[in-house]
There are 2 protein chains.
Amino acid sequence: MLRLDTRFLPDFPEALKAHAPLLEEARRSLLAKRKNPGSMLGFLDLPEDTETLREIRRYREANPWVEDFVLIGIGGSALGPKALEAAFNESGVRFHYVDHVEPEPVIKLLRALDPGKTLVNVVSKSGTTAETLAGFLVFLDWLKGALGEAWRRHLVVTTDPETGPLRALAAREGLRAFAIPKEVGGRFSVLSPVGLLPLAFAGADLEALLMGARKANETALAPVEESLPLKTALLLHLHRHLPVHAFMVYSERLKHLPEWFVQLHDESLGKRDKEGNRVGTTALPALGPQDQHAQVQLFREGPLDKLLAMVVPESPLEDLRIPPAEGLEAASYLFGKTLFGLLRAEAEATYQALAEAGQRVYALYLSQVSPYAVGWLLQHLMWQTAFLGELWGVNAFDQPGVELGKRLTRAFLEAWK
Amino acid sequence: MLRLDTRFLPDFPEALKAHAPLLEEARRSLLAKRKNPGSMLGFLDLPEDTETLREIRRYREANPWVEDFVLIGIGGSALGPKALEAAFNESGVRFHYVDHVEPEPVIKLLRALDPGKTLVNVVSKSGTTAETLAGFLVFLDWLKGALGEAWRRHLVVTTDPETGPLRALAAREGLRAFAIPKEVGGRFSVLSPVGLLPLAFAGADLEALLMGARKANETALAPVEESLPLKTALLLHLHRHLPVHAFMVYSERLKHLPEWFVQLHDESLGKRDKEGNRVGTTALPALGPQDQHAQVQLFREGPLDKLLAMVVPESPLEDLRIPPAEGLEAASYLFGKTLFGLLRAEAEATYQALAEAGQRVYALYLSQVSPYAVGWLLQHLMWQTAFLGELWGVNAFDQPGVELGKRLTRAFLEAWK
């Protein structure tokens, strides 16, 4: 369950009423595009796709020998699976992310892996991502060298259903391949095979994850005053003059979630609008309680230039009591409390201290760090982002600003020999 | 070696000349405090402390049985060791960071560890940090339960040389304890036993690390036009009207370095000055090439509200050639290139693309990701921060803004029973 708390923003209920027509119009305009090819709203349908889920399950069951799972992908192809696998790995399969091209860690990984127990998953919608292809060529060569003809069984491709070099290779070599639907973009793909395939090997509860996402779809379509994604989109819209949007998560298991959110928010909304104005706010990743000892000093006494969202779990799956110890009476206020009690007290204290400092802050309470609640949260944030695209007059589903970097990279590579 | 590049800031050499007297004065005023008790400038002396280094070496050699190293600490007690261990772990000792209080990962860790092969290092300058004491009480109880009287050998304390509950416990129980010097604060402590002890178990080259830091001391004291830390401090000073300072590192091994820098920068400089004004800029962590697929879209087309620093290695320790593959001709431009060549091309392309977009950006080139160069970089950034404290009129060495949160946490814990 996901619950919005705006107790320190007393002006919000009034603002919600005043902006209801604007929000209605943003939703209407977004949903009107749903059936247009190229609208990239396919993420709305992923939670209902039980057929793909079954296929992935069967594939996972047919490959019980996997002990190491190497995911080669970058950006939207890695951030979602990484965030969820860190939280919900129940199987003990070891995950390795080649989401970079630094040689030394790749060399170290290749030396440590047993190819006979390793499954390599190459993930790229277009099949043309430079970093992904570079890593893939290295691993492909390694699998062929170590396993001979058996290499095919150790490779699984996640890419466009029809086009691109990875789809062509899979067809030519008879490789197992899963499809990222045409209308689903990288940063909206976590509930497609991009996320579901690795998570099946991690032993996560995929049904619950998708069920949570369906709940987010339901709330997105609810009347404005009950529509959680319209409400948080409005919070961001009302504070768009503040340059920084901090996203602070009170869960070690969800430590990679802020990075996923940063991509979703920044790459979707940091653009030029139709008039050529530069729009967008900068998402800032933060963790609790760690950042109480790093960023909170700045949040409390530095400039009031931030909107802060705190994601706080309300109950643990399993807790641990803090035992007393002789000679450590300075810690006696902790004796007999629980770790989760301390975590929750710190989150509430920080929430209150940030509001007291004059920062604009709200909370999203998660019933617990479960696949259901986190699936809901992810789909909620994707809706929020799509709504903001409408409110800010930008296409939330493209990324024209990265083209120059790609062209220059090729130019440098060619010039340097 | 560390090298500053400002090719896309053509106005900088002129500004450096104009601001030389201001920089001289900031340095003079900082160094004048050096001998004052409480000035907290002890980080300047750490690279010379060969006696502590010898002591740590002897302790490491006396404990060859360690297979798992659990570091219990938060903020400045964890971020430095985590950043360096990720880059320079040569020993294969497994590191676990209890820098949070979420129960489920602690429970999972306790179930996986063999206490007989585990060394627990509890790290807190004051010895009173709530999260650290909570984690420590759990691990202390676990060690005593599993090992009986032998527990003492599996515990090592890093804390104040004289005061605090952890120092008292160590004295009472005869535990091995290392000292964080009086004049060294948490976020400036990475080259004290806070960092050196875990890094000794990681098998990192500590001599080289300290040698690099000594080089940073040398450049800090050089004439203004050759003083790297004065120059980068000026870059940040000249751009203090920009709310965001992105710190983008092109190295997977250094993936935790931005988090260390975020604490150093934000907690040192995000404060009220003497007139009560809120000062500081928000450090934004970023990694290359990963964030080319996440944040760079925003950096290119979003608001021009950032100063960007790129940290780029100039050569690899070991490289890997990208092999060709039949059927993947779309990637033929990569065939025969190396992973490092691609990394470097991407860094240069992004540097140029960001400048072309109108963002303010400079580069810090690291000769390679070696202990020497990284030791230099860390000490450089600590000098930069100390200089900025002088330029912005704030005490870079306190953190008054986190007190309310601590008080409220205790109040909530007590109220909730």
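Descriptive notes on the structure:
- Qualifying positions in the stretch A:68-106 - of a type in the set (A, V, I, L, M, F, W, C) and either assigned by TED's automatic domain parsing to the domain that holds residue A:250 or farther than 13 Å from residue A:256 by Cα (or both): A:69, A:70, A:71, A:72, A:74, A:93, A:95, A:98, A:101, A:106
- Members of the stretch A:168-193 that are surrounded by fewer than 20 Cβ atoms within 10 Å (Cβ to Cβ) and in a helix (DSSP H, G or I): A:168, A:171, A:172, A:173
- The residue pairs whose first member lies in the stretch B:118-134 and is touching a residue at least 60 places away in the same chain (Cβ under 8 Å), whose second member is among the β-branched types (Val, Ile, Thr), and whose beta carbons are closer than 6 Å, counting only pairs six or more residues apart or on different chains, are B:119/B:66; B:121/B:156; B:123/B:158; B:123/B:194; B:125/B:180; B:132/B:72; B:132/B:74.
- Among the candidates B:350, B:338, residue that is buried (at least 23 other Cβ atoms within 10 Å of the Cβ) and among the hydroxyl-bearing types (Ser, Thr, Tyr): B:350
- The conditions of being in contact (Cβ under 8 Å) with a residue 40 or more places away in the chain, surrounded by fewer than 21 Cβ atoms within 10 Å (Cβ to Cβ) and not assigned by TED's automatic domain parsing to the domain that holds residue A:229 are not met by residue A:109.
- Just one of the listed residues (B:219, B:232, B:163) is among the hydroxyl-bearing types (Ser, Thr, Tyr), at pLDDT 95 or above and either more than 20 Å from the chain's Cα centre (by Cα) or not in a helix (DSSP H, G or I) (or both), namely B:163.
- Considering the stretch A:92-128, and only residues there that are within 8 Å of chain B (Cβ to nearest Cβ) and outside any helix (DSSP H, G or I), the residue that is nearest to residue A:161 (Cα to Cα) turns out to be A:127.
- Selected residue [at the interface with chain A (Cβ under 9 Å from one of its Cβ atoms), over 22 Å from residue B:235 (Cα atoms) and hydroxyl-bearing (Ser, Thr, Tyr)] from B:350, B:338: B:338
- Test: residue in the stretch B:71-88 that is more than 14 Å from every other protein chain (Cβ to nearest Cβ), in contact with an Asp or Glu (Cβ under 9 Å, 6 or more places away or on another chain) and in contact (Cβ under 8 Å) with a residue 60 or more places away in the chain: no
- Counted residues, the stretch A:66-100 - those being over 19 Å from the mean Cα position of the chain (by Cα) and either more than 26 Å from residue B:105 (Cα to Cα) or among the β-branched types (Val, Ile, Thr) (or both): 2
- Cβ-Cβ distances below 6 Å connect the following pairs, each with a first residue in the stretch B:152-174 that is small (Gly, Ala, Ser), a second residue that is in a loop (DSSP other than H, G, I, E, B), and a separation of six or more residues or different chains: B:164/B:126; B:164/B:127.
- Verdict on residue B:158 being surrounded by fewer than 23 Cβ atoms within 10 Å (Cβ to Cβ) and assigned by TED's automatic domain parsing to the domain that holds residue B:56: no
This table checks each residue for (1) in contact with a Ser or Thr (Cβ under 6 Å, 6 or more places away or on another chain); (2) over 30 Å from residue B:405 (Cα atoms).
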{"position": "A:358", "(1), (2)": "no, no"}
{"position": "A:365", "(1), (2)": "no, no"}
{"position": "A:385", "(1), (2)": "yes, yes"}
{"position": "A:392", "(1), (2)": "no, yes"}
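- When the stretch B:250-280 is filtered for residues that are within 8 Å of chain A (Cβ to nearest Cβ) and closer than 16 Å to residue B:396 by Cβ, the ones remaining, listed by number, are B:262, B:263, B:266, B:267, B:269, B:270, B:271, B:272, B:278, B:279, B:280.
- One residue stands out among those in the stretch A:375-417 that are more than 7 Å from chain B (Cβ to nearest Cβ) and of a type in the set (Lys, Arg): the one that is surrounded by the most Cβ atoms within 10 Å (Cβ to Cβ), which is A:406.
Here's the yes/no breakdown for (1) of a type outside the set (Asp, Glu); (2) within 24 Å of residue B:298 (Cβ to Cβ); (3) buried (at least 20 other Cβ atoms within 10 Å of the Cβ); (4) touching a Leu at 6+ places or on another chain (Cβ under 8 Å):
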site: A:209; (1), (2), (3), (4): yes, no, yes, yes
site: A:226; (1), (2), (3), (4): no, no, no, no
site: A:243; (1), (2), (3), (4): yes, yes, yes, no
site: A:247; (1), (2), (3), (4): yes, yes, yes, yes
site: A:250; (1), (2), (3), (4): yes, no, yes, yes
site: A:256; (1), (2), (3), (4): yes, yes, yes, yes
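- Some residue of the stretch A:333-343 being at pLDDT 95 or above, among the hydroxyl-bearing types (Ser, Thr, Tyr) and under 30 Å from residue A:269 (Cα atoms): no
- Residue match in the stretch B:324-331 (condition: at the interface with another protein chain (Cβ under 7 Å from one of its Cβ atoms), assigned to a helix (DSSP H, G or I) and either in contact (Cβ under 8 Å) with a residue 60 or more places away in the chain or in contact with a Pro (Cβ under 8 Å, 6 or more places away or on another chain) (or both)): yes
- The single residue among B:53, B:9 that is part of a helix (DSSP H, G or I), touching a residue at least 60 places away in the same chain (Cβ under 8 Å) and surrounded by 17 or more Cβ atoms within 10 Å (Cβ to Cβ) turns out to be B:53.
The values are calculated or read from the model by the stated rules, or taken from the named source; none is laboratory data. On a predicted model such as this, the values are computed, not experimentally measured, just so you know. A quick note on method: Cβ atoms are made from the backbone with ideal geometry, for glycine too, and the neighbour counts reach across all protein chains shown.
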